[in-house]
Amino acid sequence: MRLTSRAMPAPTALLFDLDGTLIDSDADLAAAANHARGALGLAALPVAGVRRHVGHGLAWLLQHVIPAPLHVRLPEAREAFVAWYGAHLLDATRPYAGVAEALDALRDHPLGIVTNKPSMFLAPIVAGLGWSDRFGVVVGGDALPERKPHPAPLLHAIERLGATPARALYVGDSEVDRETASAAGVRFLCVGWGRAAPAEAEPLASFAELPARVRALR
């Protein structure tokens, strides 16, 4: 009798948001935002007051931490933010617990990052964390004409990984990430510490859970 082999499905491509998902960057982002506010004579905001505006890109962040009457000075605020943040990207920023171990366990899967963080910050952070060889594709918020929640950045990354939306999973922390995955026709997994977690039936409690959750995908 002749034996035939059944082709195994391609490994699921795993794509991640960055801030609030893979890394806790709240303190450094808040420090940069408050440096920009200080340049305009404004008092510092608490970290939580900055964090809730992270995820839509730098322009959005500045528009929401700078009062509307001072928006005419947004270019000045942006210059102050970029100068400060560029010099302090990894002062307090660290991967969340279990990230390194999960990425090691999932090394046979195509891995990527899709974020709204500008590329000028994204590349040195990825390099500084020793992740340059971890991910097959890294897409920043200025890599394409569109940014999240438009599906284009996620679909572009999936294509670069040689995968398809049906064989991909996007891991994120915010409504922006959820909307991006939905628009792209990609499964979404929210981290349990994320801003979108309360609306999720089964958020990821820790990165230690991720390999098992991926193996359970059909």
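The values are calculated or read from the model by the stated rules, or taken from the named source; none is laboratory data. Fair warning: this is a prediction, and the values are worked out from it, not measured in the lab. Positions of Cβ are generated from backbone atoms using ideal geometry, with glycine treated the same way; all protein chains shown enter the neighbour counts.
Summary table below
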| item | result |
| --- | --- |
| Complete set of residues in the stretch 42-58 that are among the hydrophobic types (A, V, I, L, M, F, W, C), farther than 12 Å from Arg195 by Cβ and over 14 Å from the mean Cα position of the chain (by Cα) | Leu42, Ala43, Ala44, Leu45, Val47, Val50 |
| Ala87 being within 21 Å of the chain's Cα centre (by Cα), hydrophobic (A, V, I, L, M, F, W, C), modelled with pLDDT of 95 or more and surrounded by fewer than 16 Cβ atoms within 10 Å (Cβ to Cβ) | yes |
| Tally, over the stretch 177-197, of residues that are modelled with pLDDT of 95 or more and in a helix (DSSP H, G or I) | 8 |
| Residue check for Val72: surrounded by fewer than 22 Cβ atoms within 10 Å (Cβ to Cβ), part of a helix (DSSP H, G or I) and β-branched (Val, Ile, Thr) | yes |
| Subset of the stretch 198-212 [surrounded by fewer than 16 Cβ atoms within 10 Å (Cβ to Cβ) and either in a helix (DSSP H, G or I) or touching a helix residue (DSSP H, G or I) at 6+ places or on another chain (Cβ under 6 Å) (or both)] | Pro198, Ala199, Ala208, Ala212 |
| Residue list for the stretch 113-130, filter: closer than 15 Å to Ala100 by Cβ and without any contact (Cβ under 8 Å) to a residue 12 or more places away in the chain | Gly130 |
| Per-region count, the stretch 84-96, residues farther than 14 Å from Leu129 by Cβ and in contact (Cβ under 8 Å) with a residue 12 or more places away in the chain | 4 |
| From Ala39, Ala68, Ala30, residue being out of contact with any strand residue (DSSP E or B) (no Cβ under 7 Å at 6 or more places or on another chain), of a type in the set (A, V, I, L, M), over 29 Å from Glu146 (Cβ atoms) and not assigned by TED's automatic domain parsing to the domain that holds Ser119 | Ala39 |
| Members of the stretch 75-100 found to be in contact with a helix residue (DSSP H, G or I) (Cβ under 9 Å, 6 or more places away or on another chain) and either of a type in the set (Val, Ile, Thr) or not in a helix (DSSP H, G or I) (or both), listed by number | Val82, His88, Leu89, Leu90, Asp91, Ala92, Thr93, Pro95, Tyr96, Ala97, Gly98, Val99 |
| Restricting the stretch 159-176 to residues that are assigned to a helix (DSSP H, G or I) and either in contact with a Gly (Cβ under 9 Å, 6 or more places away or on another chain) or among the polar types (S, T, N, Q) (or both), the residue that is nearest to Lys117 (Cα to Cα) | Val176 |
| Residues being touching an Asp or Glu at 6+ places or on another chain (Cβ under 9 Å) and under 22 Å from Ile158 (Cβ atoms) - total across the stretch 176-210 | 11 |
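Here is a yes/no grid of residues against (1) modelled with pLDDT of 95 or more; (2) among the hydrophobic types (A, V, I, L, M, F, W, C); (3) in a helix (DSSP H, G or I); (4) crowded, with 19+ Cβ neighbours inside 10 Å:
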{"site": "Ala102", "(1), (2), (3), (4)": "yes, yes, yes, yes"}
{"site": "Gly130", "(1), (2), (3), (4)": "yes, no, no, no"}
{"site": "Val138", "(1), (2), (3), (4)": "yes, yes, no, yes"}
{"site": "Gly141", "(1), (2), (3), (4)": "yes, no, no, yes"}
{"site": "Leu144", "(1), (2), (3), (4)": "yes, yes, no, no"}
{"site": "His150", "(1), (2), (3), (4)": "yes, no, no, no"}
{"site": "Leu154", "(1), (2), (3), (4)": "yes, yes, yes, yes"}
{"site": "Ala157", "(1), (2), (3), (4)": "yes, yes, yes, yes"}
